[in-house]
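Read-outs: derived from the displayed coordinates by stated rules, not from any lab. Quick caveat: nothing in here was measured; it's all calculated off a predicted structure. All Cβ positions, even for glycine, are placed from backbone atoms using ideal geometry, and neighbour counts span all protein chains on display.
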Amino acid sequence: MEIFFYYNHYILMNKINEPRCNKMASPLLAAIFSVIIPGLGQFYAGHMLRGIGIFILAVFVGIITGLIGSPLIAIVAAIDAYYLASKAD
């Protein structure tokens, strides 16, 4: 029973961490999404956990710096989203 639990946990974690690359994702649209909401472009490109992480980072940096650091995070997220969406092609 214990082996079955660990195996299912392993399979579940691999499915969650596995990027679901969107082959139809437009790199430009992914970058625009990430400029509007950091992490949304990664989500659009199929990298769900990466998008959630970037969004949490942007919120945290925005709170700490009084929204001064958020545009920098948005620019870096847009570049990353463009790269991820173009890599899916």
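Annotations for the structure displayed:
- Scanning the stretch 65-89 for residues that are closer than 11 Å to Ala25 by Cα and among the aliphatic types (A, V, I, L, M) yields a count of 4.
- Of residues in the stretch 56-89 being touching a helix residue (DSSP H, G or I) at 6+ places or on another chain (Cβ under 6 Å) and β-branched (Val, Ile, Thr), the one nearest to Leu40 (Cα to Cα): Ile73
One line per residue, one yes/no per condition, for (1) crowded, with 16+ Cβ neighbours inside 10 Å; (2) out of contact with any Ser or Thr (no Cβ under 7 Å at 6 or more places or on another chain); (3) in contact (Cβ under 8 Å) with a residue 60 or more places away in the chain:
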position: Ile37; (1), (2), (3): no, yes, no
position: Gly51; (1), (2), (3): yes, yes, no
position: Ile54; (1), (2), (3): yes, yes, no
position: Ala58; (1), (2), (3): yes, no, no
position: Ile68; (1), (2), (3): no, yes, no
position: Ile73; (1), (2), (3): yes, yes, no
position: Ala81; (1), (2), (3): yes, no, no
position: Ala85; (1), (2), (3): yes, no, yes
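- Of the residues making up the stretch 34-89, those that are under 11 Å from the mean Cα position of the chain (by Cα) and of a type in the set (Phe, Trp, Tyr) number 3.
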